[in-house]
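Some notes on the structure that comes next.
The values are calculated or read from the model by the stated rules, or taken from the named source; none is laboratory data. These figures come from a predicted structure and were not determined experimentally. Backbone-built Cβ (ideal geometry, glycine too); neighbour counts: all protein chains shown.
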Amino acid sequence: MDINTILSNFKIETLNEMQLAALAAIPKPNDVVLISPTGTGKTLAFLLPMLPLIKMDSQRVQVLIVVPTRELAQQIENVFKQMSTGIKINCCYGGHAVKIEKNNLQHPPAILIGTPGRIAYHIGNKNFETSAIHTLILDEFDKSLEAGFDEEMSYIIGELKGLYKRVLTSATALNEIPAFVGIKNKVEVNFSVAKSKPNPSLQIKVVRATGMEKLDALMLLISKLGHQSKIVFCNHRDAVDRISEQLLELGVEHGFYHGGLDQMEREKTLIKLRNGSTRLLITTDLAARGLDIPEIEAIIHYQLPTTEDIMIHRNGRTARMNAEGTAYFMLEEKDHQPKFLHVIPGNMPLPLKFKLPLAPEWKTLYIAAGKKDKINKMDVVGMLLQKGKLAKEDLGKIEVLDHATYAAVKRNKINATVAIIRNEKIKNRKIKMEVAN
């Protein structure tokens, strides 16, 4: 397939410098280490060179992509499907029904994506053949190591007897690559922040909690930023929960995200962030990379990053591509800024009083059916426009999952719409539909 046709599906005209470098390096007879910050398009950079390597007449898995999180697996699958190549791709990850995955693997995809534990499970149970896998991509490899997946990855790689190409990706430079990866003739495509100039689109500011509690200062900062999209980063789950409780008391709409939430809640939170129903996310570093999150206008380091790498990942959520953004570092009255912050930040004065930010213009409608129930996006669009009496401009982003669908609807229309469609059917089935809280 022509690259320009694929790029048009993403509404972009040309590849960036990093993507062009990856496109040149990956097809050559060598292993590749691709280093580039979050948000620079690494997924497309390693997927595009895979297309000429796929044998269309083969009925076996040929490319294996191993990722540290289920969210990243889903993101890569969505990007590949948007490429519209006609090549089959599937996902495997914890929290996803094993039965569904086994059924999918009976008709193997050319490209298989998965988390280390689940891929190791399927290999161990001989749910798919590994003999035709010629290319292994270890995306966000450093994060997989941090998560302790060494043993699973070592087992997986040991089972890939026909492997001749390895591609490792990371947002920051890798200190050491473990021997079990078996990397040879390494070519490094390095576009790391450390090697590039400071991002001119990113402003850095310090917010001091002078004469007040840091949590109160955060509330004033959130108030001042108003309708801007923003992510507040914490080092610990309890800080996320504490901030969320305070926001609830003040009536501020927000989402929160950390490893203690179940998969459905995490998925719903990210969907609401993507469709504009949530403009404020409180999170741990779990959301610093490897997730499909839209461009964010402001990053708030409520608890300071412990390393420069973590700071880079967090800041990578804003000022991406050609957009501008601001990173705020919150300090107690006597705190010092991080030693690895190599710029002189501006000081951000806080308002004297808290003012409730405007609520987002969108809310999310939950529909209890999805792909596996034979529901598609056009079914939902048709029902909401015809039966729900919505105009096209009142309907936003729609995401169809295996057994659930989420649709953004204008806030001032959603309650009336839910009342109208409550007893409607989709494909002759009555399905639960309600506002997603």
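Overview of values
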{"quantity": "Members of region 232-273 that are in contact with a Lys or Arg (Cβ under 7 Å, 6 or more places away or on another chain) and either buried (at least 23 other Cβ atoms within 10 Å of the Cβ) or under 17 Å from Ile299 (Cβ atoms) (or both)", "calculated": "Phe233, Gly255, Tyr257, His258"}
{"quantity": "Count - residues of region 360-383 that are surrounded by 15 or more Cβ atoms within 10 Å (Cβ to Cβ) and touching a residue at least 40 places away in the same chain (Cβ under 8 Å)", "calculated": "13"}
{"quantity": "Flag for Gln337 being over 26 Å from the mean Cα position of the chain (by Cα) and over 30 Å from Ile431 (Cα atoms)", "calculated": "yes"}
{"quantity": "Residue in region 352-371 that is β-branched (Val, Ile, Thr) and either out of contact with any helix residue (DSSP H, G or I) (no Cβ under 9 Å at 6 or more places or on another chain) or closer than 29 Å to Met212 by Cβ (or both) present", "calculated": "no"}
{"quantity": "Index of the failed condition, Ser58 passing every other in (1) touching a His at 6+ places or on another chain (Cβ under 7 Å); (2) loosely packed, with under 13 Cβ neighbours inside 10 Å", "calculated": "(1)"}
{"quantity": "Unmet criterion (only one of (1) at pLDDT 95 or above; (2) under 26 Å from Gly316 (Cβ atoms); (3) in contact with a helix residue (DSSP H, G or I) (Cβ under 7 Å, 6 or more places away or on another chain); (4) in a helix (DSSP H, G or I)) for Met18", "calculated": "(1)"}
{"quantity": "Some residue of region 235-247 being in a loop (DSSP other than H, G, I, E, B), among the β-branched types (Val, Ile, Thr) and in the same structural domain as Asp216 (by TED's automatic domain parsing)", "calculated": "no"}
{"quantity": "Tally of residues being out of contact with any Ser or Thr (no Cβ under 8 Å at 6 or more places or on another chain) and farther than 16 Å from Met348 by Cβ across region 294-314", "calculated": "8"}
